[in-house]
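The block underneath contains the structure these notes are about, expressed in structure tokens.
The values are calculated or read from the model by the stated rules, or taken from the named source; none is laboratory data. Because the structure is predicted, anything quoted here is derived from the model rather than measured. Please note: Cβ atoms are built from the backbone with ideal geometry, for glycine as well, and neighbour counts cover all protein chains shown.
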Amino acid sequence: MINDDKYMRTPKLLMNRLLKTNLFFLLLVVCISFGLISQRVLAAEIKVSVDRNPVNVDESFQIIFTATESPDDDPDFSPLEQDFDILSQSKSSNSSWINGKSSKTIQWTLTAMAKQAGDLMVPAVKFGDDITQPLPILVTQGKATGKNINTDEDLFLEVEATPESPYVQSQVLYTMRLYRRVDISQASLDEPELADAVIEKLGEDSNYNTQVNGVSYLVTERKYAFFPQKSGQITIKPLVLTAEVVTGNRLGFNGFFNSQVTMTKKVSSKAITLNVKPVPSSFTGRQWLPAEQLVLKEEWSGDVKQMKVGEPLTRTLTLLAKGTTVGQLPELNNAKTDDKLKTYPDQPVLQEQKKPDGLIAFREEKIALIPSQAGNYTLPAIELPWFNTQSQKIEIAGIPETTITAVSVAGSQTAAKPPAIATLKPQKIESTPVVQPQKGNWWIWASVFLASGWLATLIYFLYGRRAKKPVIENNEVDVRIKDSVKNLKKACTDNEAEVAKDALIEWGRQKFNVTSLGAIAEFCDARLRDEILDLNQVVYGKDVNQWNGKKLFQAFVENNAREKIAATEEDSLEPLYRL
């Protein structure tokens with residue numbers, strides 16, 4: 001007798017087995033695909049840096065390898081041994097989860113010392129299949145440090161300023177080195193002081209070993225950037241270090257505990273006098289701009305020869321300068337254009353990057369241009385005179401005259417509208433025919449659906465949902481602040497002290513809820529505070545007609561830029577902008 005039930009169940013069993021088999025192979029293909037993508041896209045990027053460059057041949061320095069993902073294998077540092085002695089090495093890692101995004105950093109730090117002087121190269125280091133890029137480093141034979149130093153001292157300070165005869169508002173690198181061959185339990189060091197100057201600390205302290213006249217010292221090095229604002233002789237006051245020097249150990253209760261015996265010692269550095277030179281008479285630019293290097297460039301969002309009437313085209317002007325502050329970077333988009341070519345400038349982006357060899361300042365301006373009629377429009381050339389502090393010469397950075405061509409488009413509007421209020425026209429959405437799965441292939445579609453759901457769930461838990469933060473805007477206050485800044489700029493340009501005072505007071509009322517120049521000055525950085533107090537003295541004194549508002553507004557712009565930089569420290573230039 002034939003068992004009909006068995007034959008009836010056979011197609012179902014086969015179908016279930018096929019479903020499981022195909023689902024398994026589908027998931028296997030997905031996993032393999034993701035594995036291949038990970039190998040191609042998520043390969044570890046390993047960056048190489050040094051804590052100082054150049055270094056002396058008798059000084060230790062750090063070589064730092066940083067990866068954002070786990071590399072293919074452990075590093076092989078043996079290629080470094082040809083030119084460097086590896087004194088020590090360490091490894092650290094850090095993971096964080098911020099705003100739904102995970103980040104990971106792995107760092108290998110090597111303390112090394114060069115075997116010889118010259119233009120050396122930190123060679124490429126392999127991390128399995130991952131490999132780093134070579135890094136050049138200058139190793140000098142030695143320096144004069146120590147020739148005039150009494151090495152009988154266990155603790156002393158050395159300071160230097162470069163250059164000692166700078167031009168006004170140009171960068172002066174001030175370096176402090178603390179030499180010691182004793183242990184310190186506590187120490188406090190004064191901050192450098194210089195009247196009428198902007199002072200910026202550059203990065204973190206660096207520590208290394210060196211020899212002075214054959215005596216080994218541990219050195220802590222700290223760097224600052226000074227920008228003197230007045231010409232003439234000015235003096236950087238000596239730095240004073242107060243430290244508790246460990247002289248031995250003392251037995252405590254029943255001899256079980258040892259306490260350190262210390263002696264308070266105070267050492268000071270020498271004073272440095274700067275001979276600040278005024279702006280050269282040969283400089284004829286509208287704004288004095290000293291810098292070590294400067295780059296000015298232009299970018300367009302589309303084809304300037306096929307611009308469409310009524311549609312915006314964005315022009316981006318970028319200024320990058322080394323050895324200056326953001327407050328010294330001038331406005332770039334100040335030329336008048338044809339009335340038939342409407343321009344809508346955005347707020348400029350100002351950023352600063354602090355490097356061991358000084359500041360790098362960045363300014364970006366975006367301008368939307370909308371032609372109302374077809375034709376050719378000419379944008380005048382941009383010429384930016386600046387003073388090269390390295391070559392001691394006046395140079396001109398420029399963007400040549402640009403001609404843009406607007407063409408008519410069928411159905412285009414003749415009147416230009418600002419991009420901020422442009423409305424989007426609803427687009428016709430054409431339906432796409434749905435492919436109906438065959439009855440016999442339902443399991444394929446079910447497999448795809450299940451796999452997609454699994455992937456979507458995985459992505460959801462990996463990245464999470466970003467919480468929507470309510471945005472609270474006080475439009476009225478923002479408008480008042482912007483109006484007061486606009487009025488202040490005009491008053492400073494026209495050297496109208498009374499109008500500038502009123503604009504500043506309105507700005508302070510909206511921003512800090514204070515109504516006097518003295519109270520506003522307390523909320524500002526040193527340079528702007530001095531300029532506001534100077535304005536206060538001028539307004540209530542007798543020299544109203546002699547006031548120059550240019551310096552105040554420059555300090556005002558720089559103060560606001562520093563506030564923005566401090567608020568977005570994690571989004572600073574690292575490592576986007578390099579000179």
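Remarks
- Only residues that are in contact with a helix residue (DSSP H, G or I) (Cβ under 7 Å, 6 or more places away or on another chain) and within 30 Å of residue 222 (Cβ to Cβ) were counted in region 343-361, giving 4.
- Residue 363 being in contact with a Pro (Cβ under 7 Å, 6 or more places away or on another chain), crowded, with 20+ Cβ neighbours inside 10 Å and either of a type outside the set (Val, Ile, Thr) or farther than 26 Å from residue 550 by Cα (or both): yes
- Residues in region 472-500 that are loosely packed, with under 14 Cβ neighbours inside 10 Å, modelled with pLDDT of 85 or more and closer than 15 Å to residue 512 by Cα: 482 alone.
- Residue match in region 221-230 (condition: modelled with pLDDT under 90, of a type in the set (A, V, I, L, M, F, W, C) and either in the same structural domain as residue 264 (by TED's automatic domain parsing) or in a loop (DSSP other than H, G, I, E, B) (or both)): no
- For the criterion of being at pLDDT below 90 and buried (at least 18 other Cβ atoms within 10 Å of the Cβ), residue 323 fails.
- Among all residues of region 363-382, there is at least one that is under 28 Å from residue 222 (Cα atoms) and outside the structural domain of residue 202 (by TED's automatic domain parsing).
- Verdict on residue 323 being among the small types (Gly, Ala, Ser), within 25 Å of residue 397 (Cβ to Cβ) and touching a residue at least 60 places away in the same chain (Cβ under 8 Å): yes
- Residue 133 modelled with pLDDT under 85 and of a type in the set (S, T, N, Q): no
- Close pairs (6 angstrom Cβ cut-off, 6 or more residues apart or separate chains): touching a residue at least 12 places away in the same chain (Cβ under 8 Å) in region 221-232, outside any strand (DSSP E or B) and charged (D, E, K, R) anywhere: 222/205; 229/196; 230/196
- Among the residues of region 282-314, those identified as charged (D, E, K, R) and closer than 25 Å to residue 404 by Cβ are 297, 298, 299, 303, 305, 308, 311.
- Check on residue 287, polar (S, T, N, Q) and at pLDDT below 90: yes
- Residue satisfying all of: in region 52-75; more than 30 Å from the chain's Cα centre (by Cα) and closer than 30 Å to residue 216 by Cα; modelled with the highest pLDDT among these: 57
- Single condition residue 101 does not satisfy, out of (1) surrounded by fewer than 17 Cβ atoms within 10 Å (Cβ to Cβ); (2) touching a helix residue (DSSP H, G or I) at 6+ places or on another chain (Cβ under 8 Å); (3) at pLDDT 85 or above: (3)
- Residue in region 351-366 that is outside any strand (DSSP E or B) and either without any contact (Cβ under 8 Å) to a residue 24 or more places away in the chain or within 14 Å of the chain's Cα centre (by Cα) (or both) present: yes
- Listed conditions (1) of a type outside the set (A, V, I, L, M, F, W, C); (2) touching a helix residue (DSSP H, G or I) at 6+ places or on another chain (Cβ under 8 Å); (3) modelled with pLDDT under 90 are all met by residue 145, apart from (2).
- Some residue of region 263-279 being within 30 Å of residue 401 (Cα to Cα), surrounded by 14 or more Cβ atoms within 10 Å (Cβ to Cβ) and modelled with pLDDT under 95: yes
- Options 458, 462, 504: the member that is touching a Ser or Thr at 6+ places or on another chain (Cβ under 9 Å), modelled with pLDDT under 85 and more than 22 Å from residue 230 (Cα to Cα): 462
- Looking only at residues in region 503-527 that are closer than 24 Å to residue 546 by Cβ and surrounded by fewer than 16 Cβ atoms within 10 Å (Cβ to Cβ), the one that is nearest to the chain's Cα centre (by Cα) is 526.
- Residue match in region 407-416 (condition: surrounded by 18 or more Cβ atoms within 10 Å (Cβ to Cβ) and modelled with pLDDT under 90): yes
- Checking residue 324 against (1) under 20 Å from residue 560 (Cα atoms); (2) hydroxyl-bearing (Ser, Thr, Tyr); (3) in a strand (DSSP E or B), the condition it does not meet: (3)
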